[in-house]
Structure formats: C-alpha cells, structure tokens
Amino acid sequence: MKILALDTSGLVCTVAVTEDDRLLSEFSIQHKITHSELLLPMMEQIKNRISLDLNTIDAVAVSAGPGSFTGLRIGCATAKGLCLAMNKPMVAVPTLDAMAYQFYGSEYVICPMMDARRNQVYTGVYIFVPEKENEKHREIFFSMKTIKAQSAMSVNDIAEELNNIGKTVILLGDGIPVYRDKLEELLKVNYILVPAHMNRQRASALAALATIYLREGKTVDADSFSPEYLRASQAEREAAEKAAGKKETKADSGKNGRKSGIASPIYIRDLKAEDITAAAEIEKACLGAEAWTEKQLLEAATRDDTVYLVAEVSGEVAGLCGVRNISGEGEVTNVSVSESSRGKGIAFEMLSKLLLRGKAIGCESFTLEVRGENKAARGLYEKLGFVNEGTRPGFYESPKDDAIIYWKRNNTND
Amino acid sequence: MDNMNSEKIMRRTEEDGVIFMSIKNEDEKAAESTDKDITILAIESSCDETAAAVVRNGREVLSNIISSQIALHTVYGGVVPEIASRKHVEKINGCVKAALCEAKLTLEDIDVIAVTYGPGLVGALLVGVSEAKALSFVTGKPLVGVHHIEGHICANYIEDKTLEPPFMCLVASGGHSHLVYVKDYGEYDIIGQTRDDAAGEAFDKVARAIGLGYPGGPKVDAAAREGNPDAIAFPRAKTTEKSYDFSFSGLKSAVLNYLNQAEMRGEEVNRNDVAASFQKAVVDVLTEHTMEAAAEYRCKKIAIAGGVASNTSLRKRLEEECEKRGYSFYRPSPTLCTDNAAMIGSAGYYEYLKGARSGMNLNAVPNLPLGNRERRYHGRS
C-alpha cells in the first residue's frame, strides 16, 4: 500500500511517501518559512525525485490534530484537495499518536508535548506492548497502547499523570523546550530528552501508522473531515463562559475523531484511561462487592507485567479482561461483559486475544478462579482449553459458593 | 514586454521547481487567447463565504456555489476569523464538487484553477489557497492567484457582457472603499481610497450602535427606507482638495455622539431616521467622488462593485447622476455583489490571458495591494 503523508501541525513541515514497509521519500523543513509556501513545493520535489505517479497512491494521510490551528488547516485543506482530485481515501491520524509512533518498540513510557500556549500542552501518554502471533515464532511485534489519549492539559496535570505512572518517560515535541524547567521541577520520574531526528513530527511515522489504519479500514470522509483542534475558538469559549455564568468550560471531548470497529461490530483493544469509569461499572454490575474499583483497575492496567483489554461495541465499552504475569504464570484477574452484550461471543474473543497477548509478556501458563455456579463461564473457559484442577470450598460470599480453580498449562493444546 | 527577462524567469522555474509567477512570451499568449474556450474553476474563501464556481471565457457562469456562514456569525455580532476558517475547511470540498456537478463537468474538463489569495482574513484565505494548489498539483492545470477586489470589479463583466475597459469603478464593501480607474483588463489605477474605516465597516458599526445587529449593510438599508434622510444633518467628510480619498470614521463618531447626547437628554431616538440620515451622508460622499473622478478622467462608463454596491440608495443615486450626465451605469446583481467565486473566475481569466501563473508556493497575502501588483507580472523592477 502506497501512502502520501503530510504533517503541518507544528513547527515542522514534513511530507513522506511510503510503500508498505519501504520509505520511498521523506522531506522535512523546520525553518522560518510558512507551511503554505513549503508544503506543495516539497511534494512537487518528492514527486519529481522519485517519479511518483499520483495514481498509484492508495491513500492520503494527514495529521488530524491537535496543533497550530492555521497549520492544521493548511494540512487538512491540502489533503482534502489531494483526495478530491485523486479520488482516493483520507486517513486521519491523531498528531500525538503519530509522534509517539516514532518510538516503536521502546520499553519506556512515551509522552509527546506540543506547546498549546496559555500554560497548556497538547499531550498524550503511550507505551509499546510486545506481542507474538504464535509462540513458535521468534519474531516479536509491538502494538502501541494509549494510556492517556491526546488532550489539552496543564503542564502540572501531565507531570502528575506521569508521576502516577511512575516509570521513566521519553519526552518529545515543541512543548519540551518551552516547559523544560518546569518539568524538571515537577517530575518525580526519570525522563529522557531525545535528539533532533526523533523529537518532532515526522511524516514517515505518520505514514507507517496510517498504513495500519488503512489495513484496518479506518479511513475518513475527506469531504466532511475537519481537524481535531481540541479547543474551541476564543469567541466560542467566551460565549460559552458567558452562558455558563463564568463556569469553567472544557473543549468538546465527546468527539475525539476516533472511529473504531467499522469493519466488525466487536472491537477488542487495549484499556485506556478514558475507559476506566465504564469498565469499573461493568465490573460492579457483574461482580457486585468483588468488583475492582476504578483506582485498582487503573493501577493494574498501567503496570508493565499486565495486559488489559476491553471490547468495544458501537463506541461503548462492553467488556473487559486482564491478565497479570507472576513469574511465568498468567493470572487472569478480570473477565466481565455488560449484561446487554452477553451471548455474542465477546468474552471468547476477548480472552483468545488476552491469551496471545499474555504469552507475549512471558506467561507460560494461565490460571483463573470462577464461581462453581457460573456454568456459562465455566463452559467458556473449558472451550478455551482451561482444565479444572481443584476447588476452594465456600470461597465466595453472598451467595456462598465454591471457587473452581482452572489452569491452562503450556502443554495443553491451543 | 522584455523577452530576455521572460526567458530568465522561465529558466528559474525549471531549476527551482517553484516560482511565484512566470511569464509566457507574447506569441504564446496570443495563441492561447484566440480560438480555444477557457474554462476556469474558481475558489474564494477570503472572509465568511466559502465559494466555488465554474466560469467560461471570463463571462459565462456555468455554476456559482456560495456556502454562507452569516447565520453562524450573527451570534457574535460580526465575523469571527477562527470560526470562519474552521467552517471553510468543512465546506471547501463540498463547494468545489457542487460547482463541478452543476456545471456538468469533471476536473479534467477544467483548463485553469483560479483562487483568491488576498486581501482578506489570512486563516480563511489559506483554506482556499491550499485546496486550489492541491488540485493544481494533482491535475497539472495552471494555477492563477486572484486579487479579491479585482474579482469584485470583474463581476461587472459577468453582469454585462458588453462592458469593456476603460471605466471608473467604485468598490465598496465591508473591508474596502476604493475608487478605481480600470485602464484595461487587469490594469487598475487606484485614484481614491478610505483613510480609515471602509464604507461597509461604518455600516456595521452604526448598525450595532442603533441596535440593528449584524450584518449591518442590509439592515441599515431596510431601516433607512422607513426613515427621513434629512432628519439629522451628519457631516460629509472632506479630505484635502483634489483628493478622491474617503474618510468615514468622523461620520461614524458623529452618529455615536448624536446617540449619546440623545440618551443623556433622555430623548427617544428614531432609529429609522438615524439610519436614513447616516446612509445619505455615505451615499453623498461616494457619489460625489465618483462623479468628480469620472469628469476628470473623461470616463463615461461608471461601475460599482462590492457588498455595499447592493445598497439600494447608492444604486439609485448613482443611476440618477449617471443619467443626468449621459453616462452608462453598470452594477452587478446582488448575488454577484456579495463575495462569490464566479467573479474570481472572471478576473482569473483575464489574468491568465495576460500570462499570470502562480507557483506551488503561492501564499495567502492578507493585505495584498491592488494598484502596484501588476509590476510583478510585467517584469518591471
């Protein structure tokens, strides 16, 4: 798949053309020339240098925001014009996701920050999770997990967020030079400032991520698309403040431009910080007093010896599951599906993926406990290859029930 | 034109891959301008209207799509640049597609892409400029950057197919008040302009002061029809002798003072009378200057352009004065007076014939001057 990618969201004007895992060309300029004067001449250069036939492009990828309002519009209007004239789909990649994707395979937490003025940054928090398609393969690949989806927040808030996660973090973006002293003062975790070739937007990373989006069918309608500014205009903010009696208003966070699960009605993905409330509610509805709290879930999901997945059905969290690696033994700590979404095979799909992902973080076998009376769940676990290896009599309260201990050893059949 | 110079510029195009405007030599120009029809796709996004049009040979409008944002900005009492720019991004592709569809053409049938690159709101202009450049890049069709005010003037070519330069044109809109002598196609001499507020700006401010709201022009026009234009004697701005420049800020202040004094005395103000008297003062000045300039330049063709050109009182007065003197009077229909892309298609056509071509580095120029711009493509230094 051939992708033409462009990013004008920040100080860098950057264009790239990729074909599958080959970077055919990349051109970046960070200089005192407007993006409007640079972008098309740069594309023209690339087109000439690699004799690019625009008809062979499969999609145009654009940085979907946040960023400089004017910069985003130059990029978007250009991408829209390209899509219209070429009659090709558009792939919109969140700006900060594309920036973080430059650190593919990193073991550190990644936190890009763009200066958003007014003492705020556009920021998000990401990690890379190793996976294996099959245990027999030596090859490891990574999926990028969003711990905190991109948003506009104060430097204090993001520093606190990073301190709570408690791990060494890679910092990048044009917000870093602006707030470096403040971050030094606020951060209680170690941080890494990265060199010039990886500390700003790069269209090659955008194109690489867009290739995955395109493969998953995540394109947007170029005609109606508009970038994610993450902030209302000043006039709208003032009008809203007036209307709300000077109450603090936040930018519309409801539409974060992410459309998931277009291809299939059930979409299994990593648990994100935004899902915590919904996930905790499902836990509570399923397990009552034994349910985990939001805090417990968040703590568990951000450890690096765990995998937490959610099932998304038409934009809503419909189920969650998680596993923790305790010296090679994967303890499945949570499995729950909301009542309205049961009977659709969601738990089976979630758990199948969870077992694969668990293997990737080093779980050689898996274990879980279930109420003796929960026939449906027991059937499911047995179908997945779990074997009943024992009972804890009267383990559960209200109603009193035995806990059945299941194991899936690495010698059992997949 | 200097052929040496034109060759030099052409060579730079090949080396750099980019250039602002290049020049074709006279023979090529002549060959192009004769037999073949030229169909232009034009884009305009300088203020609060997103517009696209298809125009043939500068005069025949095949489609003219305007997506207005007026309702959106009414809430804020005027155009909010950031909101306008965001809306343009949402609407631009839809407008271009609709314009092609209504003209029953595809991009392949288009010969030239024209776009407004100034003057206007920079964020708004950039949307149209970026879109137009992308279209030109993919299709390989030549790109022509157009001056917004030249577009307004050229709306007259669309309205009256017989109009040819030279003529005197009064341009009055929300952002501009110019008296322009159109010597030839694409050649403009500014002989007078506003020293402070544009005429349309004065309308908007007065409308706000007397509580009529936004947009001011049409609302003052309507109120004035119900009022007495001789009720209040507002001053007629006099700039220095022998100058055709305008000044409207004094008049605006006089209206505000009048309203303040009335309020202090506790008197009820007749809004319609204020509107009518204010409008008459503006119309008097605009008409007087236009007629004096026409006499000096011995020009018997008078045209008007811009949003304020749809003001009924101004149209009526100019028509009467022209009739008295035996001049021909040209005015675009109200749709062509507002911001639209058909007028950009017309101006773009004459620019194209004159050899103007924009490079892929075309930028939005918010304060693009009208008069001395021609220097660029005649290669004078």
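The values are calculated or read from the model by the stated rules, or taken from the named source; none is laboratory data. Computed from a predicted model, the values in this text were never measured in an experiment. Every residue, glycine among them, receives a Cβ derived from its backbone with ideal geometry; neighbour counts consider all protein chains shown. Calculation scope for accessible area: heavy atoms of the full protein, side chains included, ligands and nucleic acids excluded. Shrake-Rupley method; radii C 1.70, N 1.55, O 1.52, S 1.80 Å.
Just a few scattered comments:
- Comparing chain A with the 2.2 N^0.38 Å rule of thumb, its C-alpha radius of gyration ratio is 1.07 (two decimals).
- Simple label model, 7 Å out from Cα along Cβ direction - A:Ser143 to A:Glu382, nm: 2.9 nm
- Each Lys and Arg Cβ is given +1 and each Asp and Glu Cβ -1; about its Cα centre, chain A then shows a dipole of about 560 debye.
- Chain B and chain A together bury an accessible surface of about 2800 square angstrom, both sides counted, with a 1.4 Å probe and no ligands or nucleic acids included.
- Residues in segment A:175-211 that a label on A:Glu160 would reach, taking backbone N under 18 Å of a point 7 Å out along Cα→Cβ: A:182-189
- Potential extension, A:Asn55-A:Met1 segment - 0.36 nm per residue separation minus Cα distance: 18.2 nm
- For B:Arg236, the accessible area of its heavy atoms, probed at 1.4 Å with every protein chain present, is near 80 square angstrom.
- Part-to-part distance (alpha-carbon centres) for segment B:196-225 and segment A:142-157, which is given in Å: 48 Å
- Counting only protein heavy atoms and using a 1.4 Å probe, the accessible area of A:Leu298 comes to about 80 Å².
- Shape call, segment A:97-198: gyration tensor on alpha carbons, a/c limit 1.5: prolate
- Applying 1/(1 + (r/R0)^6) with r as the Cβ-Cβ distance of A:Glu389 and A:Lys242 and R0 = 56 angstrom yields a FRET efficiency of 0.30.
- When B:Glu82, B:Glu267 are compared by accessible area of protein heavy atoms, the largest-first order is B:Glu267, B:Glu82, using a 1.4 Å probe.
- In this simple spin-label model, placing a label point 7 Å from the Cα along the Cα-to-Cβ direction at both A:Ile33 and A:Leu287 gives a separation of 5.8 nm.
- Positive minus negative residues near A:Ser336 (Lys, Arg vs Asp, Glu; Cβ under 11 Å): -2
- Residue-averaged 222 nm ellipticity for chain A, from DSSP H runs of 4+ at -39500 (n - 2.57), nearest 500: -9500 deg cm²/dmol
- Angle between chain A longest axis and helix A:234-243 axis [Cα atoms, degrees, rounded to 10]: 50 degrees
- Rounded accessible area per residue of chain B, 1.4 Å, Å²: 40 Å²
- Relative contact order (%) - criterion: Cα under 8 Å, at least six apart; region: chain A: 12 percent
- For chain B, the average shadow cast by the Cα convex hull is 19.7 nm², which is a quarter of the hull's surface.
- q = 0.22 Å⁻¹: log10 I(q)/I(0) that the Debye formula gives for segment A:349-414, counting C-alpha atoms only: -0.92
- Put A:Phe69, A:Phe225 in order of accessible area, highest first, and with a 1.4 Å probe you get A:Phe69, A:Phe225.
- Trypsin sites (Lys or Arg not before Pro) restricted to segment A:120-156 and DSSP loop, no more than 10 other C-beta within 10 Å: A:Lys136, A:Arg138
- Crossing angle, helix B:122-139 versus chain B [Cα axis fit, 0-90 degrees, rounded to tens]: 20 degrees
- Taken residue by residue and averaged, Cβ atoms of other chains lying within 10 Å of the Cβ of A:218-230 number 2.
- Our summary gives chain B a relative contact order of 26 percent, counting only alpha carbon pairs under 8 angstrom and 6 or more residues apart.
- Distance distribution P(r), segment A:273-414, all Cα-Cα pairs, bin width 10 angstrom from 0: 12, 42, 39, 7, 0 percent.
- Here is the P(r) of the protein assembly as shown: all C-alpha pair distances, binned every 10 Å from 0, give 2, 12, 19, 19, 16, 13, 9, 6, 3, 1, 0, 0 in whole percents.
- The GluC sites (Glu not before Pro) of segment A:134-200 that meet both conditions, a loop assignment by DSSP and at most 16 other Cβ atoms within 10 Å of the site Cβ, are A:Glu135, A:Glu139.
- Magnitude of the charge dipole for the protein assembly as shown, about its Cα centre and with charges confined to Cβ atoms of Lys, Arg (+1) and Asp, Glu (-1), is about 200 debye.
- Set against the 2.2 N^0.38 Å expectation for a compact globular protein, segment B:150-233 has a Cα radius of gyration ratio of 1.33.
- Rounded to 10°, Cα long-axis angle of helix B:312-325 versus longest principal axis of chain B: 80 degrees
- Segment A:97-198 - accessible surface per residue (Å², probe 1.4 Å): 48 Å²
- Only protein heavy atoms count here; under a 1.4 Å probe, A:Cys111 has an accessible surface of about 0 Å².
- Which listed pairs, of A:Lys148/A:Lys182; A:Lys145/A:Lys383; B:Lys91/B:Lys141; B:Lys91/B:Lys316, have C-alpha distances above 31 Å, in listed order: B:Lys91/B:Lys316
- Sum of -39500 (n - 2.57) over DSSP H runs of 4+, divided by residues of chain B (222 nm, nearest 500): -14500 deg cm²/dmol
- For B:Lys104 and B:Phe329, the difference between the fully extended length at 0.36 nm per residue and the C-alpha to C-alpha distance is 77.6 nm.
- Cβ-based net charge around A:Phe128, under 9 Å, with every Lys or Arg adding one and every Asp or Glu removing one: 0
- Inter-part distance where segment A:301-370 and segment A:177-196 are each reduced to a Cα centre, Å: 34 Å
- Looking at segment A:266-408, the accessible area is 47 square angstrom per residue; that uses a 1.4 Å probe and ignores ligands, DNA and RNA.
- Accessible carbon and sulfur surface of chain B relative to its total accessible area, %, 1.4 Å: 48 percent
- Using C-alpha pairs below 8 Å separated by at least 6 residues, the relative contact order for segment A:266-408 is 18 percent.
- Per-atom-type breakdown for chain A gives carbon and sulfur 48% of the accessible area (1.4 Å probe, protein chains only).
- Here the spin labels are modelled as points 7 Å beyond Cα on the Cα-Cβ line, and at A:Asn48 and A:Asp221 they lie 3.8 nm apart.
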